[in-house]
Amino acid sequence: MDIKKIPLINREISWLYFNDRVLQEAADPTVPLIERIKFLAIFSSNLDEFYRVRVATLSRLTNLNEKAKEILGYNPKKLLTQIKNIVVKQEQKFNNLYENIIVKELAEEKIFLLNDKQLNVTRGTFVKNFFRERLLSTLVPIMLDDNLPLPELRDRAIYFFVKLTKNKKSRFALIEFPDNLSRFLVLPDTHNLKFIILLDDIIRYSLEDIFFIFDHDNIEAYSLQLTRDAELDLDKEVSVKFIDSLAKSLQKRRKGKPMRLLYDKEMPLDMLSYLVKKMKVGGENLIPGNRYHNFKNFISFPNVGRADLQYNKNIPLPVNGLSFGKSLMSMIAKKDFLISTPYQSFDYIIHFLREAAIDPKVKEISITVYRLAENSKIIHALINAAKNGKKVNCLVELRARFDESNNIYWSNRLEEEGVNVLYGIDGYKVHSKICLVTRMEKGKPFHYGCLSTGNYNEQTATLYADHTLLTANKNITTVLVYIFRALNKSLLPKDLKHLVVSPIDSRPAIYKLIDNEIKNAKAGKDAYMILKMNSLADEELIAKLYQASNTGVKIKMIIRGMCCLIPGVKGYSENIEVISIVDKYLEHARVHIYGNGGKELMYLTSADFMTRNIDNRVEVGFPVHDEDLRKEIRDIINIQLNDNTKARDITVTHTNKYHKTKAEPLTRAQIDIYNYLKNKNTIN
């Protein structure tokens, strides 16, 4: 199959329509109101990262010559224009949703978002006092000079562009918002009515206090936000020099090339023209927005109303057979256990490491970490293990995008405490989520493994839906020994059985599994695959899935984010169905199920079907052997396939229509999975 001729959706376009599904959640009236505001924040934050990384990359590609563009298969300039057209429409939808729906529904709940024009004398006095006590000293406007260049604007910071007018003469200024204060100020109640004002409007209300020394007839302020290129040109040497280079480059991010200037669409033309000329931005980089920017802060929008304006917080469920009051390793030695977060408690993983840290028979702990919590309990357990005389090897991936600063801090802390810190392999990110504990039993080393689809991060584990396997299976732990042995030498692990390990063995292993289904389909046997992942973009794997579909293999996919494969295309993908679930939790687990002629094979993995995961990262996929756990995962996947409440059909039309099934009553996977696991505890 000629890869250049297969039907594909451009990855950037596909991602934008994933973000549109996030916006659908913000528009869904069945979602609690405060949660809808949080989905607006997620949409905004996602779009920031998209511009900082993907649009920045495309912008650099526009400098390539025509021959290079032919190799890429698309024209970056045309794609940037297409992206802008989609983003502008989404921003309009976003603004309408916030201004004309969300704000009005808050008012119906007796929660009022006041602007600077809506303050009475009492509330105005309260705001002025707050401004003078907490804000004024942090705000130092930059007075602009026509003869001088515009000062460098910080990436993603919010600014007011201010115009002072006197006798038709204007002078301009910039005010940067402080980022150490809440975006929201809750005002005193009146007759059970709740009032909130944004930091933006507090500053607007107090502009005269800031510019009192300037004689003016009129003063006006409009918000703007600049998103910069976040990609880095780093020294690839994995050494102390690399860490220093990365730490310095984090500072440079604030000065990357401007990718998007988001501005208040009400800004007068003379002010916008001034910015465009001074900043040298235009075309696809100019995005008209509304009065308020940087909605990612709205993730912390205060709920001053009823509790049911937010999702109920489910109590994490226990895992059958695992007890915090007993040795986890003694239980894992007898059978495998599966932890499905956030439905079940992440504390089991922390407890596993704490036990290893104090057990006199444990001699060594090896772990790879990608994104760490701010005050990581995982790291504290590793430090305590080192203090207790264990050999602790911790591979910290410093290049975890936008978490580098946090990871640098923890790597330095670990080294100070005597942990053997590794920094990965030159040219490859280590994205696997694996841990190995070596314990002496009857005079011999015995191994316990903890393998996950998600990060060892107790904070994200409350929001990300992942699976973690605790096992003493020798086929798995023996391979983990070889993987960590290779990583300790900064080598790529290869020629390994039982596990699916990128970057060397993963692609041929996946092809072999797909080819087996193709072989069974040709032989008239039942042939199918169920694949769940975050993203599908690798063209060779898409071509392989098209080939499988054409031979009669039934393929069902659950893909949360971008999907470049087009389902239902005659001659390519008639046997492929794709849904995407966007709901309360972020679907992060990667699950592969292969029919295998009636003897199903099941794998969990840290890798998506993206070229970077398959060819450029160290990833680990691992089989599930225990029949009870296999049934549990299969049941969870079946619940998700039957979701007709939060699942959307992925099609070439990008309409994101809700998935329809015959399931009665309505099926909402994330609620039903929690109840399924809860009922299992009751039955057992």
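The values are calculated or read from the model by the stated rules, or taken from the named source; none is laboratory data. These numbers were taken from a predicted model, which means no experiment stands behind them. Heads up, the Cβs are rebuilt from the backbone with ideal geometry, glycines too, and the neighbour counts pull from every protein chain shown.
Scanning segment 264-284 for residues that are in contact (Cβ under 8 Å) with a residue 60 or more places away in the chain and surrounded by 16 or more Cβ atoms within 10 Å (Cβ to Cβ) turns up MET267, MET271, TYR274, LEU275, MET279, GLU284. Could you list, in sequence order, the residues of segment 639-684 that are within 25 Å of the chain's Cα centre (by Cα) and either on the phi > 0 side of the Ramachandran plot or aromatic (Phe, Trp, Tyr) (or both)? Of everything in segment 639-684, those that are within 25 Å of the chain's Cα centre (by Cα) and either on the phi > 0 side of the Ramachandran plot or aromatic (Phe, Trp, Tyr) (or both) turn out to be HIS654, ASN656, TYR658, TYR674.
Out of ASN96, ASN63, report the one residue that is out of contact with any Phe, Trp or Tyr (no Cβ under 8 Å at 6 or more places or on another chain) and either over 29 Å from PRO29 (Cα atoms) or in contact (Cβ under 8 Å) with a residue 60 or more places away in the chain (or both).
Numbers: ASN96 fails: either over 29 Å from PRO29 (Cα atoms) or in contact (Cβ under 8 Å) with a residue 60 or more places away in the chain (or both).
One residue alone meets the criteria, ASN63.
With respect to ASP146, determine if the residue is surrounded by 18 or more Cβ atoms within 10 Å (Cβ to Cβ), charged (D, E, K, R) and assigned by TED's automatic domain parsing to the domain that holds TYR222. If you could, list the steps in order and put the result at the bottom.
On the way: surrounded by 18 or more Cβ atoms within 10 Å (Cβ to Cβ): no; charged (D, E, K, R): yes; assigned by TED's automatic domain parsing to the domain that holds TYR222: yes.
In short, no.
Out of everything in segment 287-342 that is among the hydrophobic types (A, V, I, L, M, F, W, C) and in a loop (DSSP other than H, G, I, E, B), what residue ends up being surrounded by the fewest Cβ atoms within 10 Å (Cβ to Cβ)?
In the first step, residues of segment 287-342 are kept if they are among the hydrophobic types (A, V, I, L, M, F, W, C); the result is 287, 295, 298-299, 301, 304, 307, 309, 315, 317, 319, 322, 324, 328-329, 331-333, 337-339.
Now restrict to residues that are in a loop (DSSP other than H, G, I, E, B): 301, 304, 315, 319, 322, 324, 333.
Working: PHE301: 23, VAL304: 18, ILE315: 9, VAL319: 21, LEU322: 19, PHE324: 11, ALA333: 14.
Step by step, filter segment 287-342, then rank; the result is ILE315.
Per the conditions (1) at negative phi; (2) in a loop (DSSP other than H, G, I, E, B), the sole criterion not satisfied by ASP209 is (2). Within the span defined as segment 647-668, every residue fails to be closer than 25 Å to SER506 by Cβ, touching a helix residue (DSSP H, G or I) at 6+ places or on another chain (Cβ under 8 Å) and outside the structural domain of ILE425 (by TED's automatic domain parsing).
Scanning for something of a type in the set (Gly, Ala, Ser) and either farther than 25 Å from MET610 by Cα or part of a helix (DSSP H, G or I) (or both), does segment 69-86 turn up at least one residue? Looking through segment 69-86, none of the residues is of a type in the set (Gly, Ala, Ser) and either farther than 25 Å from MET610 by Cα or part of a helix (DSSP H, G or I) (or both). Looking across PHE352, PHE346, PHE337, one residue alone is farther than 28 Å from LEU422 by Cα and among the hydrophobic types (A, V, I, L, M, F, W, C). It is PHE337.
Please note which helices (runs of 4 or more DSSP H) are completely contained in segment 346-435 and include at least 2 residues that are in contact with a Leu (Cβ under 7 Å, 6 or more places away or on another chain) and in contact (Cβ under 8 Å) with a residue 60 or more places away in the chain. Before you say what the answer is, go through the steps one by one.
Numbers: elements: 347-358, 377-387, 404-416.
Hits in segment 346-435: 347-358, 404-416.
Residues that are assigned to a loop (DSSP other than H, G, I, E, B) and without any contact (Cβ under 8 Å) to a residue 60 or more places away in the chain within segment 646-665 comprise THR653, THR655, LYS657, LYS660, THR661, LYS662, ALA663, GLU664, PRO665, listed in sequence order.
Given the criteria surrounded by fewer than 24 Cβ atoms within 10 Å (Cβ to Cβ), of a type in the set (Asp, Glu) and out of contact with any helix residue (DSSP H, G or I) (no Cβ under 6 Å at 6 or more places or on another chain), does ASP426 qualify? Yes, satisfied.
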